[in-house]
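*Asks:* Got a structure for you, written out below as structure tokens; questions coming shortly.
The values are calculated or read from the model by the stated rules, or taken from the named source; none is laboratory data. No experiment lies behind these values; they were computed from the predicted model shown. In this analysis, Cβ positions are derived from the backbone assuming ideal geometry, glycine residues included, and neighbour counts consider all displayed protein chains. Quick note on the areas: whole protein, heavy atoms, side chains included, nothing else; ligands and nucleic acids left out. Shrake-Rupley method; radii C 1.70, N 1.55, O 1.52, S 1.80 Å.
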There are 2 protein chains.
Amino acid sequence: MATGQQYNVAVVGATGAVGAKMLETLDKKNFPINELLLLSSKRSAGKEMDFQGKSYTVQEATPESFEGVDIALFSAGGSVSKKLAPEAVKRGAVAVDNTSAFRMDPEVPLVVPEVNEEDIQKHNGIIANPNCSTIQMVAALKPVQDQFGMSRVIVSTYQAVSGAGNEAVEELHSQSKAFLEGEELKPELLPVSGEKHHYPIAFNALPQIDVFQENGYTFEEIKMINETKKIMHDESIQVAATCVRLPLFTSHAESVYVEVDKDGVTVDQFKEAIRNADGIVLEDDPANQVYPTPLEAAGKCDVFVGRIRKDLDNEKGFHLWVVSDNLLKGAAWNSVQIAESLAKNNWLNK
Amino acid sequence: MATGQQYNVAVVGATGAVGAKMLETLDKKNFPINELLLLSSKRSAGKEMDFQGKSYTVQEATPESFEGVDIALFSAGGSVSKKLAPEAVKRGAVAVDNTSAFRMDPEVPLVVPEVNEEDIQKHNGIIANPNCSTIQMVAALKPVQDQFGMSRVIVSTYQAVSGAGNEAVEELHSQSKAFLEGEELKPELLPVSGEKHHYPIAFNALPQIDVFQENGYTFEEIKMINETKKIMHDESIQVAATCVRLPLFTSHAESVYVEVDKDGVTVDQFKEAIRNADGIVLEDDPANQVYPTPLEAAGKCDVFVGRIRKDLDNEKGFHLWVVSDNLLKGAAWNSVQIAESLAKNNWLNK
């Protein structure tokens with residue numbers, strides 16, 4: 001980031017769980033900001049937020065908000081993105097969208113910079129940030145695809161409540177307290193805000209993230225399946241997912257089974273590929289009980305991988321355990337990485 | 001249980017997490033007990049425990065304790081079983097052992113009554129109760145094996161702390177409280193008592209249950225792999241497991257992928273097979289958000305199955321979500337079922 005140029009940046013959804021992390025990451029990575037604009041719904045407008053020692057008043061996001069903006073980071077829900085991202089583009093901004101609104105649009109690149117950074121330059125104004133659980137998995141699988149080929153992935157997730165927003169974090173907190181004090185639990189939000197039925201999340205496991213599709217899969221599972229194929233540029237990869245919400249505040253974990261194409265790959269070769277990959281930290285030493293955990297990954301930008309082992313019955317099968325902060329690499333940091341790449345490569349104006 | 005005969009029953013490890021559930025289950029199922037003997041280590045001996053309105057003093061387990069005992073239910077750790085189960089057998093008792101001490105011994109039947117009850121009669125005095133995470137999985141997979149054939153299983157587990165004993169339950173409780181009050185966490189027990197390194201379990205996920213083997217698998221994973229093949233009488237089934245300890249007090253959940261042999265099996269046929277199986281409750285209605293959860297399964301003897309769906313890329317692949325109380329069907333209830341079968345079928349004396 002040494003081009004010397006500075007950018008007008010808008011954060012849409014600044015008061016949300018991911019919005020706060022976007023500000024934290026823009027600061028931490030010292031993104032070259034000229035003017036910063038914090039936008040939100042009408043309800044949250046007026047709130048004051050600090051950034052690099054300066055106070056900002058959050059403003060209601062309208063089409064006109066984007067006049068003069070270079071990069072708009074969206075994380076305020078799919079309907080907001082659908083309405084306002086095209087308005088931002090119309091006014092000359094590039095929108096990096098953290099919702100599912102445009103992810104499967106063939107005209108919109110879906111990007112994890114460690115995997116397919118070059119797709120960014122194909123943008124028509126909008127670049128989509130993948131789903132949190134997809135990002136950490138494809139980041140870990142990229143070196144596997146590159147070095148050994150990859151035909152099949154079966155993943156079961158262990159996902160934190162912060163992926164469902166600040167209110168879900170609050171629900172886990174207050175419900176856990178009530179549970180420990182022997183009080184009655186009154187679930188009101190999880191597994192999915194707006195759904196008819198709510199289950200307790202405290203000391204529980206809910207096999208539903210997002211709404212169900214007609215085929216019995218949840219939308220979260222369908223996102224992992226479709227996004228993985230798009231990001232990795234390979235429709236032939238067989239991907240199966242089971243997504244589970246757990247009483248974790250931060251970081252998703254994933255139990256991933258992958259089948260490689262190449263014959264005779266050893267565990268050491270597999271580990272070496274992971275160790276050398278961008279954005280990945282290998283934490284894998286069973287003899288010393290070294291493996292990643294959600295609590296230890298929280299607050300960090302990397303994707304952590306451990307428990308790598310060969311399937312005992314399938315020569316081409318490997319198992320791994322992938323952990324990352326769902327609000328950082330899974331959302332804010334990946335968006336800021338895309339913004340960095342836009343700036344660094346001069347891909348803003350095409 | 002209407003033979004009219006009554007039995008002298010010993011519970012070894014009566015003061016432990018599973019021991020308490022054994023007493024609860026013997027009572028609930030009205031097992032025909034003549035004399036009840038509560039045994040424990042020297043440390044816990046002397047404690048008073050109630051059973052069906054009568055108070056019992058827990059006694060130290062010694063070889064002589066088993067004089068006159070018909071059925072001894074062991075759940076006091078592998079070393080106690082190794083030492084005392086043969087002593088019980090020598091004195092004419094049949095030992096139902098809930099530890100891993102004898103499970104893979106070719107002379108010892110390993111039994112989940114819904115799956116292989118007939119193996120009980122081959123006993124030479126000892127019958128092994130499988131690992132908790134194995135029991136609920138094979139119970140759910142038995143109708144699949146019977147009706148469609150089964151070549152492959154890949155499972156990722158979501159396991160409760162009560163599987164690691166009362167002290168682990170206490171650790172999750174006190175650590176969760178400390179976490180919510182912003183206090184420092186001082187893990188002392190989990191993931192494995194006696195190991196060098198301890199990780200916090202509160203609001204975390206630990207990909208280690210039991211100790212690591214040289215091949216990078218944990219012993220819990222190896223147990224699931226080997227026990228499944230033995231119970232289902234098929235060494236050719238490919239089984240892969242990843243076992244994860246979570247901040248749940250009671251009930252294990254499992255994300256299971258299975259490949260059937262038969263062509264053209266539909267989701268409806270698969271569900272029907274599960275629905276009609278002994279000991280299984282199908283809870284599977286995505287449109288109404290019906291699926292099993294650990295909190296709802298706690299305190300019940302059944303195995304609950306939901307989220308059944310076909311793999312989108314593999315015609316013979318199915319995914320399911322299996323939940324059961326790890327201390328009941330996963331331990332105490334399965335042991336008492338074996339005792340019931342011994343009594344009902346007159347398989348005590350051979």
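*Asks:* Which of the trypsin sites (Lys or Arg not before Pro) found in the range A:34-110 are loop residues per DSSP with 12 or fewer other Cβ atoms within 10 Å of their Cβ? Walk me through the numbers before you get to the answer.
*Replies:* Details: sites: A:Lys42, A:Arg43, A:Lys47, A:Lys54, A:Lys82, A:Lys83, A:Lys90, A:Arg91, A:Arg103; in loops: A:Lys42, A:Arg43, A:Lys47, A:Arg91, A:Arg103.
Passing sites in the range A:34-110 are A:Lys42, A:Arg43.
*Asks:* Once phi is turned into θ = phi - 60°, what whole-Hz ³J(HN,Hα) does the Karplus curve with 6.51, -1.76 and 1.60 give for every residue of the range B:161-167, x standing for Gly and Pro?
*Replies:* Whole-Hz 3J(HN,Hα) from phi for the range B:161-167: 6, 4, x, 9, x, 4, 5.
*Asks:* If you don't mind, another one. Calculate the spin-label point distance for B:Asp278 paired with B:Leu180, positioning each point 7 Å from the Cα along the beta-carbon direction, and give it in nanometres.
*Replies:* Inter-label distance under the simple model: 4.2 nm.
*Asks:* Whole-Hz Karplus ³J(HN,Hα) for the range B:325-337, in order, using 6.51 cos²θ - 1.76 cosθ + 1.60 and θ = phi - 60°, x for Gly and Pro?
*Replies:* Here the 3J(HN,Hα) series is 5, 5, 8, 9, 4, x, 7, 4, 5, 4, 5, 5, 4 Hz.
*Asks:* Quickly work out the B:Asn166-to-A:Lys47 label distance, labels modelled 7 Å from Cα along the C-beta direction, and quote it in nm with one decimal.
*Replies:* Taking the simple label geometry, A:Lys47 and B:Asn166 are separated by 4.7 nm.
*Asks:* Treating only the Cα positions of chain A as identical point scatterers, give the base-10 log of I(q)/I(0) from the Debye formula at each q in 0.09 Å⁻¹.
*Replies:* Evaluating at q = 0.09 Å⁻¹ gives log10 I(q)/I(0) of -0.49.
*Asks:* Please identify the GluC sites (Glu not before Pro) of the range A:1-95 that satisfy two criteria: DSSP loop assignment and at most 15 other Cβ atoms within 10 Å. Which are they? Intermediate results must be reported in sequence, preceding the final value.
*Replies:* Details: sites: A:Glu24, A:Glu35, A:Glu48, A:Glu60, A:Glu64, A:Glu67, A:Glu87; in loops: A:Glu67.
For GluC sites (Glu not before Pro) across the range A:1-95 that sit outside H, G, I, E and B with at most 15 neighbouring Cβ atoms in 10 Å, the list reads A:Glu67.
*Asks:* Semi-axes of the equivalent ellipsoid for the range B:134-326, please: Cα gyration tensor eigenvalues, times 5, square-rooted, ordered largest first, whole Å.
*Replies:* Values: eigenvalues 203, 75, 35 Å².
Taking √(5λ) for each Cα gyration eigenvalue gives 32, 19, 13 Å.
*Asks:* Sticking with this structure for a sec: Name the chain B residue nearest the rotation axis between B and A, going by Cβ position, and give the distance in whole Å.
*Replies:* That would be B:Ser156, 2, residue then distance in Å.
*Asks:* How far is B:His233 from itself in the other copies, in nm, if each label sits 7 Å out from Cα along the Cα-Cβ line, shortest first?
*Replies:* Label point to label point, same position, other copies: 5.3 nm.
*Asks:* Taking the Kirkwood radius as the inverse of the mean 1/r across Cα pairs, report the Rg/Rh of the range B:62-119. Walk me through the numbers on the way to the answer.
*Replies:* Details: Rg = 11.5 Å, Rh = 11.8 Å.
Radius of gyration over Kirkwood radius for the range B:62-119 works out to 0.97.
*Asks:* Quick one: what does P(r) look like for the range B:138-231 with 5 Å bins over all Cα pairs, in whole %?
*Replies:* Whole-percent P(r) values from 0 Å outward: 2, 11, 19, 19, 14, 12, 10, 6, 4, 2, 0.
*Asks:* Right, next: What per residue convex hull volume, in Å³, comes out for the range A:190-296 when only alpha-carbon positions are used? Walk me through the intermediate numbers first.
*Replies:* Details: hull volume 16.8 nm³, N = 107.
Dividing the Cα hull volume of the range A:190-296 by its residues yields 157 Å³.
*Asks:* Taking a point 7 Å out from Cα toward Cβ as the label site, list the nm distances between A:Pro86 and the same residue in every other copy, smallest first.
*Replies:* 7.9
*Asks:* Expressed in nm², what is the orientationally averaged projection area of the convex hull enclosing the Cα positions of the protein assembly as shown? Don't skip to the end; give the middle numbers.
*Replies:* Details: hull surface 123.7 nm².
Average projection, Cα convex hull of the protein assembly as shown: 30.9 nm².
*Asks:* The range B:221-350: Rg/Rh from Cα coordinates, Kirkwood Rh?
*Replies:* Numbers: Rg = 16.3 Å, Rh = 16.5 Å.
Using Cα coordinates only, the ratio equals 0.99.
*Asks:* Would you compute, from DSSP H runs of 4+ residues alone, the mean residue ellipticity of chain A at 222 nm, taking -39500 (n - 2.57) per run and dividing by the full residue count, rounded to the nearest 500?
*Replies:* Numbers: 9 runs with 99 residues, N = 350.
Value at 222 nm, helices only, nearest 500: -8500 deg cm²/dmol.
*Asks:* A further question on this structure: Any chance you could check the Cα centroid distance between the range B:71-113 and the range A:135-197 for me, in angstrom?
*Replies:* Here the two parts' Cα centres lie 40 Å apart.
*Asks:* Per the 1.4 Å probe, what fraction of the accessible area of the range B:213-350, in percent, lies on carbon and sulfur atoms? Spell out each step's value before the answer.
*Replies:* Numbers: 1890 of 4490 Å².
Ligands and nucleic acids excluded, carbon and sulfur reach 42 percent.
*Asks:* To the nearest Å, what is the center-to-center distance of the range B:324-350 and the range A:296-350, using C-alpha atoms only?
*Replies:* Taking the Cα centre of each part, the range B:324-350 and the range A:296-350 sit 47 Å apart.
*Asks:* Quick one: with label points 7 Å out along Cα→Cβ, list the inter-copy distances for B:Asp268 in nm, shortest first?
*Replies:* Copy-to-copy label distances at B:Asp268, shortest first: 5.5 nm.
*Asks:* Total accessible area buried between chains B and A, 1.4 Å probe, in Å² to the nearest 100? Could you put the intermediate results ahead of the total?
*Replies:* On the way: alone 15720 and 15740 Å², together 25920 Å².
It comes to approximately 5500 Å² buried between B and A.
*Asks:* Is the shape of the range A:1-148 rounded, prolate or oblate, going by the alpha carbon gyration tensor and its root eigenvalues a ≥ b ≥ c, with a/c under 1.5 for rounded and a/b larger than b/c for prolate?
*Replies:* Numbers: a/c = 1.70, a/b = 1.49, b/c = 1.14.
Since a/c reaches 1.5 and a/b is larger than b/c, the shape of the range A:1-148 is classed as prolate.
*Asks:* May I pose another question? Heavy-atom accessible area per residue, the protein assembly as shown, 1.4 Å probe: how many Å²? Walk me through the numbers on the way to the answer.
*Replies:* On the way: 25920 Å² over 700 residues.
Per-residue value: 37 Å².
*Asks:* Amide H neighbours of A:Ile33 under 5 Å, at least 5 residues apart or on other chains, H built in the peptide plane: list them.
*Replies:* Result for A:Ile33 returns A:Tyr7.
*Asks:* Could I have the simple spin-label model distance between A:Glu188 and A:Asp27, label points 7 Å from Cα toward Cβ, reported in nm to one decimal?
*Replies:* A separation of 3.0 nm, rounded to one decimal place.
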